[in-house]
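Working notes, structure below.
The values are calculated or read from the model by the stated rules, or taken from the named source; none is laboratory data. Worth saying up front: this structure is predicted, and the values here are computed from it rather than measured. FYI the Cβ positions are ideal-geometry reconstructions off the backbone, even for glycines, and counts take in every protein chain you see.
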């Protein structure tokens, strides 16, 4: 994961408190319930992105010889492939 669990919890607490302070939400359940759901969604989102990264790396590995012949920049290709797969799978990066 890109963030530690305590960092994810802090981000979610901050978002929730700001949304409540600005009147963007009026929770009908306790904050703890909302935080648990927010943290779960954020963790799952990071896991989806990590899985996508592994898939893109696998694709690049399988085509590494072709890339070497064409002198393609692997980081640029990684970002392009990741962007396309994320778009196809409706994953927000």
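Contact map, the range 70-84: first residue surrounded by 10 or more Cβ atoms within 10 Å (Cβ to Cβ), second residue part of a helix (DSSP H, G or I) and at pLDDT below 75, Cβ cut-off under 7 Å, separation 6 or more or different chains; pairs are 74/67; 77/67.
If you go through the range 1-45 and keep only what is touching a helix residue (DSSP H, G or I) at 6+ places or on another chain (Cβ under 8 Å), surrounded by 11 or more Cβ atoms within 10 Å (Cβ to Cβ) and under 19 Å from residue 93 (Cα atoms), you end up with 1, 3, 8, 11, 12, 15, 38, 39, 42, 43.
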